[in-house]
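Down below is the structure, laid out as structure tokens.
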Amino acid sequence: MTNSSQRKAIAVANDPNPLDHPLFSGFRQEMVQFSPELVKHIYFDHQRNRYLYGASDGSYIALPLSDVKRRLKKLGISNARDPLTELSLIDDCLLFVQDNQSIQFAGPLAGYPCGMVEQCGNRILVTSEAKPFDIVEGEYAVLLEFLDGLLGHNADQLETFLLWWKGIIWEREKPRQALVIGGEPGSGKSLLQKIVSYTLGGRSAKPYRYLTGRTEFNSELFGAEHLIIDDESASTDHRSRESLGNEIKQIAVGSEHRLHAKGRDAIMLSPFWVLSFSLNDEEENLQVLPRMEKSLEDKIILLQARKSPLPMPTNTAEERSQFWKRLCSDASGLLYVLKDMDVPADKRSERYVVKAFHHPELLRALRNTSKETELLELIETHIRLPFRGSAASLDGMLRTAAPQQTSQLFSFPSACAALLGRLQKIHPERVESVRSKSNREWCIAPEKEQGG
């Protein structure tokens, strides 16, 4: 038995002039030949079963099927059904999009304009982009005075920063080191990070939890060109420092990174990332950085910031606003000049725009790891925490797990107990001695989870 649709199709097929058949009387007038141009601004995200529609500002917005149909109707595309197929031109458009304009990921991607790109074998729709930063010839005296006061006490580090800044703006195809700015509170190091963010398009994110292995989800990082780490979110525990060191290497020289959003399959992408740190220059604050091993030395720039008078008054909100506007304007003029700035022969690098610079005082503080800190790092690496036991038992466990390091660290029989006593004074919230009837035991707690 044939259904109604089949009977209609048979009737039309048997008509010697099918387009003149009465069934076409309303449809024929609205028939428009399909063209991919009709849907070049629409994409289909098959993982999330949604459509992405090109907005008037160049970005893309996620829409349900019903809204996409309404927008196609507004463009004058017919929703009248073909009596033979019972499909409309809108249906043809949507089927074409599903078959030919399907994507694996949709979202902002650092360093890329809106539109479709292919990366690592995946079709990616970039849905939003950084704000354009116009670089034109102009004044830059106020910004240069600020930079000279902040970094100019060492001419080499000021020149290194300017060449690094030139590289991340004008030579983006080259790898770029992580920038570390260490200095006293209120010196202007965070303001310098803010200026860098502004010239990169204004988007920044806090990557510390992901870079130290405290979360596996990192999708928010891929929509920011500038990744910022500061004292507020950082930790000095050994595992965090080791993980951070590995990630610095990947960001500095690796082009592909794994994006993992909650509830979605992970995907490999190539964002443009600039990583910077703003830290107080006390030794304990600098210890959030990884050990300066040979493999890291060329991937980190260490700059020392000093507090100096600002070139404009900043006592009121209005004065601070005017100062910020002037810095932004001057950044355009200074970057215009930096475009043609030559890299001196002694500062050239085969891989990067400029060789890494390490301020001697910061490097000395970073390398000056105390025996107490070394013991705590060994405990965090090799001992399951929380721990409770005698110094002798901890001594034996560490000597078995790390014989080479402990042979130097435990230079006399009671060295482990002595170092634990010092650690208790430094970290009373983590290390505590408990005396039992027979002996003294040590309680060592894991570091408390911090935000960031």
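Going through Ser243, Ser233, Ser276 one at a time, which residue ends up being modelled with pLDDT under 95 and either under 24 Å from Arg351 (Cβ atoms) or β-branched (Val, Ile, Thr) (or both)? Even if it seems obvious, please write down each step before you answer.
Numbers: Ser233 fails: either under 24 Å from Arg351 (Cβ atoms) or β-branched (Val, Ile, Thr) (or both); Ser276 fails: modelled with pLDDT under 95.
Being modelled with pLDDT under 95 and either under 24 Å from Arg351 (Cβ atoms) or β-branched (Val, Ile, Thr) (or both) holds for just one of Ser243, Ser233, Ser276, which is Ser243.
Rundown of residues vs (1) in contact with a Phe, Trp or Tyr (Cβ under 9 Å, 6 or more places away or on another chain); (2) at pLDDT below 95; (3) outside any helix (DSSP H, G or I), yes/no style:
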{"site": "Leu302", "(1), (2), (3)": "yes, no, yes"}
{"site": "Pro309", "(1), (2), (3)": "no, no, yes"}
{"site": "Pro313", "(1), (2), (3)": "yes, no, yes"}
{"site": "Glu319", "(1), (2), (3)": "no, no, no"}
{"site": "Gln322", "(1), (2), (3)": "no, no, no"}
{"site": "Arg326", "(1), (2), (3)": "no, no, no"}
{"site": "Ser332", "(1), (2), (3)": "yes, no, no"}
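So which pairs qualify, if the first residue must be in segment 113-124 and modelled with pLDDT of 95 or more and exposed (fewer than 13 other Cβ atoms within 10 Å of the Cβ), the second must be in a loop (DSSP other than H, G, I, E, B) and not β-branched (Val, Ile, Thr), the Cβ gap must be under 6 Å, and the two must be at least 6 apart or on different chains?
Close Cβ pairs satisfying both conditions: Pro113/Glu129.
State whether the residues of segment 384-394 include one that is within 29 Å of the chain's Cα centre (by Cα) and on the phi < 0 side of the Ramachandran plot. Steps first, please.
First, the residues of segment 384-394 that are within 29 Å of the chain's Cα centre (by Cα): none.
No: zero hits.
In segment 171-179, is there at least one residue being buried (at least 19 other Cβ atoms within 10 Å of the Cβ), at pLDDT below 95 and assigned to a loop (DSSP other than H, G, I, E, B)?
No: segment 171-179 contains no residue that is buried (at least 19 other Cβ atoms within 10 Å of the Cβ), at pLDDT below 95 and assigned to a loop (DSSP other than H, G, I, E, B).
Check segment 242-257 and report whether any residue there is more than 18 Å from the chain's Cα centre (by Cα) and in contact (Cβ under 8 Å) with a residue 12 or more places away in the chain.
There is at least one residue in segment 242-257 that is more than 18 Å from the chain's Cα centre (by Cα) and in contact (Cβ under 8 Å) with a residue 12 or more places away in the chain.
Out of Glu441, Glu432, which single residue is out of contact with any Asp or Glu (no Cβ under 8 Å at 6 or more places or on another chain), farther than 30 Å from Gln157 by Cβ, buried (at least 17 other Cβ atoms within 10 Å of the Cβ) and charged (D, E, K, R)?
Details: Glu432 fails: buried (at least 17 other Cβ atoms within 10 Å of the Cβ).
On inspection, the qualifying residue turns out to be Glu441.
Of everything in segment 334-346, what is in a loop (DSSP other than H, G, I, E, B), over 10 Å from Trp170 (Cα atoms) and either of a type in the set (Asp, Glu) or in contact with a strand residue (DSSP E or B) (Cβ under 7 Å, 6 or more places away or on another chain) (or both)? Give them in sequence order.
Asp342
Within segment 139-162, can you find the residues that are part of a loop (DSSP other than H, G, I, E, B) and over 15 Å from Tyr198 (Cβ atoms)?
Of segment 139-162, the ones part of a loop (DSSP other than H, G, I, E, B) are 139-140, 152-154.
Within segment 139-162, Glu139, Gly152, His153, Asn154 qualify.
Quick check: anything in segment 281-295 at pLDDT 90 or above and outside any loop (DSSP other than H, G, I, E, B)?
For segment 281-295, residues at pLDDT 90 or above and outside any loop (DSSP other than H, G, I, E, B): absent.
Go through segment 212-275 and tell me which strands (runs of 3 or more DSSP E), entirely inside it, have 1 or more residues that are farther than 20 Å from Tyr112 by Cα and either touching a strand residue (DSSP E or B) at 6+ places or on another chain (Cβ under 8 Å) or not aliphatic (A, V, I, L, M) (or both). Talk me through it step by step, then tell me what you get.
Details: elements: 226-230, 257-259, 267-269.
Hits in segment 212-275: 226-230.
The values are calculated or read from the model by the stated rules, or taken from the named source; none is laboratory data. If you're wondering where the values come from, they're calculated on a predicted model, not measured in any experiment. Because the Cβ atoms are built from the backbone with ideal geometry, glycine has one as well, and the counts that use them run over all protein chains shown.
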